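Single-structure report; data block below.
The values are calculated or read from the model by the stated rules, or taken from the named source; none is laboratory data. Keep in mind that this is a model prediction, so the values were computed, not measured. Glycine gets a Cβ as well: all are built from the backbone with ideal geometry, and neighbour counts include every protein chain shown. Calculation scope for accessible area: heavy atoms of the full protein, side chains included, ligands and nucleic acids excluded. Shrake-Rupley method; radii C 1.70, N 1.55, O 1.52, S 1.80 Å.
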Amino acid sequence: MIRIGLDAGHGLKTAGKEVPSYMPVLAGTKEWTLNNNVASMIEKLLLKYENVKVIRLDDATGKVDIPLSERVNKANKNKVDIVISCHHNAGIKGGVGGGLEIYRYVKSVKFTKQMQKDLYNSIIKETSNKGNRATPLKEANFYILKHTTAPAVLIEFGFMDSKSDIYKIARNDWAEKCARGVVNWLVKHFNIKKKQEKDIYRFIVNGKQVGAFKDINNILNNVKTHIGTDEIIIRKIK
């Protein structure tokens, strides 16, 4: 079982963590909301894979900004295999530029430079949010990176105060693109396998569909009901 410690940074009431009022779109949107959109989509996409457990380290409602020490303790207590902290940045002050930035702990031997580079490339492939940062692959002494037992990474998916980033962030498919980039990397890094989907069969009686079933027992029971009096067709959907 692969345990993913997933963190949407901050909370809904965290002071100053929002899209500035002067931005052309999403003004006033809380950073946690953007972070949670990505984190929730990562969790949703991972449901398609076997032997993966997602452990949310933040408050999934956003109402409480869980202290970093509690987030770290929860990750360590649950012996997660990796911690992924989702964020959106600021610092462009209404200008252009920005892009994706990924942080690992200073000289970390648990989350290596190669892992950082591969994750960056995986997200860029989906979002194309390369930006103009001279060093998008960064190191920092952030609490969540320093104190987790597992490898940890903090991802700034884009800048909330960048006029070139904000239109990408405002797109309906932004969170899914970011999440796909993360999940695609996780799948490769941990060699995660997709769940086998069961075939679905359409059950047709006298030219009219009366049901669609995955379970062979349901199909057999319905055949018994109609056999001898009706025309029965069983057709595979997928």
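When Asn218, Asn191, Asn206 are screened for being out of contact with any strand residue (DSSP E or B) (no Cβ under 6 Å at 6 or more places or on another chain), open to solvent by 80 Å² or more (accessible area, probe 1.4 Å), more than 19 Å from Leu47 (Cα to Cα) and modelled with pLDDT of 70 or more, only Asn206 passes.
Val153 fulfils the conditions (1) out of contact with any helix residue (DSSP H, G or I) (no Cβ under 8 Å at 6 or more places or on another chain); (2) open to solvent by less than 10 Å² (accessible area, probe 1.4 Å) except for a single criterion, (1).
If you go through segment 113-135 and keep only what is of a type outside the set (D, E, K, R), open to solvent by 50 Å² or more (accessible area, probe 1.4 Å) and assigned to a loop (DSSP other than H, G, I, E, B), you end up with Ser128, Asn132, Ala134, Thr135. Selection within segment 71-104: residues that are over 21 Å from the mean Cα position of the chain (by Cα) and not in a loop (DSSP other than H, G, I, E, B). The member of this set that is nearest to Thr148 (Cα to Cα) is Asn73.
So, in segment 7-28, of the ones that are of a type in the set (Ser, Thr, Tyr) and free of Cβ contacts under 8 Å to residues at least 60 places away in the same chain, which residue ends up least open to solvent (accessible area, probe 1.4 Å)? My answer is Thr14. Restricting attention to segment 92-109, the residues that are under 14 Å from Ala140 (Cα atoms) and surrounded by 12 or more Cβ atoms within 10 Å (Cβ to Cβ) add up to 7.
All conditions in (1) outside any strand (DSSP E or B); (2) in contact (Cβ under 8 Å) with a residue 24 or more places away in the chain; (3) more than 19 Å from the chain's Cα centre (by Cα); (4) surrounded by fewer than 17 Cβ atoms within 10 Å (Cβ to Cβ) hold for Lys138, with the sole exception of (1). Looking at Ile66, Ile4, just one residue is within 11 Å of the chain's Cα centre (by Cα) and surrounded by 13 or more Cβ atoms within 10 Å (Cβ to Cβ), and that residue is Ile4.
If I filter segment 38-57 for residues that are out of contact with any His (no Cβ under 9 Å at 6 or more places or on another chain), crowded, with 17+ Cβ neighbours inside 10 Å and farther than 26 Å from Lys193 by Cα, do I get at least one hit?
no
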